[in-house]
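First comes the structure, then the notes that go with it.
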Amino acid sequence: MNLDFARIAESIPFILTGINVTLQFTLISAVLGFIWGTILSLFKISSFKPLYWFGMAYTSIFRGTPLLVTLSLIYFATPQLTGYNISGFEAGVITFTLNSGAYISEVIRAGILAVDRGQAEAAMSLGVRYKPLMLDIILPQAIKNILPALVNESIALLKDSTLVSTIGAQDLLRRAQIVGAQKYVYFEPLLLVAVIYYVMVMILTVASVILENQLRRSS
């Protein structure tokens with residue numbers, strides 16, 4: 001094997017700058033996806049049929065469509081349809097928010113349905129309205145139960161974020177590819193990026209375990 005990391009030593013800071021782009025993209029998409037997924041999950045348990053069918057149809061479309069196709073569609077079709085020259089970062093955030101929202105909605109819906117129905121009935125018998133019932137009683141318990149699934153979705157989002165490199169966003173993978181093209185070596189920069197992603201995933205995993213333990217002790 002002919003490995004020579006010295007050839008990319010001066011380009012390592014350029015690659016590492018991509019960590020900020022990757023983390024910003026993942027954080028924004030995760031937060032917005034969680035909010036949108038929560039709304040969709042409420043649609044799916046709603047007795048109002050138009051909302052229910054919208055939530056189910058939305059989830060079916062985004063779960064049945066390849067993520068890369070959706071990303072390409074938003075990035076290339078937006079300028080054609082609206083005249084707005086969308087950036088790769090913006091297209092990625094929109095795509096992953098819409099896509100992760102579909103998956104998260106199913107996770108949250110399952111968590112809500114897993115909460116003892118008697119609690120909701122008891123709260124309603126005491127005159128608790130729907131909004132505080134969901135925000136103060138049902139959702140906190142549901143999120144505690146589905147925390148591992150939410151962490152898995154966040155990890156998947158972090159790893160799938162490499163897809164934005166296909167539309168020019170300068171994340172970690174894109175920067176490694178640029179360095180590889182400049183230095184005529186690809187294994188070293190790509191290996192470095194793989195290690196960085198592994199470390200980030202491990203940090204997220206350890207943080208989730210700590211959070212789960214704290215929630216168990218507080219319950």
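Among ALA91, ALA102, ALA156, which one shows the highest mean-square fluctuation when the chain is modelled as a Gaussian network with alpha-carbon springs under 10 Å?
Ranking ALA91, ALA102, ALA156 by mean-square fluctuation puts ALA156 first.
Taking 8 Å as the Cα distance limit and 6 or more residues as the minimum spacing, I'd like the relative contact order of the range 162-219 as a percentage.
18 percent
Please report the net charge: other residues with Cβ closer than 13 Å to the Cβ of LEU204, K and R +1, D and E -1.
-1
How far apart, in nanometres, would the label points at THR65 and ALA122 be if each is projected 7 angstrom from Cα along the Cα-to-Cβ direction?
That separation, rounded to one decimal, is 4.3 nm.
Which order do the peptides 143-155, 7-19 take when ranked by the mean count of other beta-carbon atoms within 10 Å per residue, highest first?
143-155, 7-19
Under 8 Å for C-alpha pairs, at least 6 residues apart: give me the relative contact order for the range 5-218, rounded to a whole percent.
Contact order relative to length: 29 percent.
If you build a Gaussian network model of the chain, linking Cα atoms that sit under 10 Å apart, which residue out of GLY180, GLY127, GLY33 swings the most?
Largest GNM mean-square fluctuation: GLY127.
Given the Cα-Cα distance of ARG129 and SER87 and 0.36 nm per residue of separation, how much length would full extension add, in nm?
Here the segment from ARG129 to SER87 would lengthen by 10.9 nm.
So what is the relative contact order of the range 1-102, in percent, for Cα pairs below 8 Å that sit 6 or more residues apart?
Answer for the range 1-102 is 39 percent.
Once you have the Cα-Cα distance between ALA194 and ILE45, take 0.36 nm times their residue separation minus that, and quote the gain in nm to one decimal.
Fully extending the segment from ALA194 to ILE45 adds 49.6 nm.
Over all alpha-carbon pairs in the chain, figure out the percentage whose distance exceeds 30 Å.
So the portion of pairs separated by more than 30 Å is 37 percent.
Where a number appears in this text, it was derived from the coordinates with a stated rule and is not lab data. None of the values given here were measured: they were computed from a predicted structure. Because the Cβ atoms are built from the backbone with ideal geometry, glycine has one as well, and the counts that use them run over all protein chains shown.
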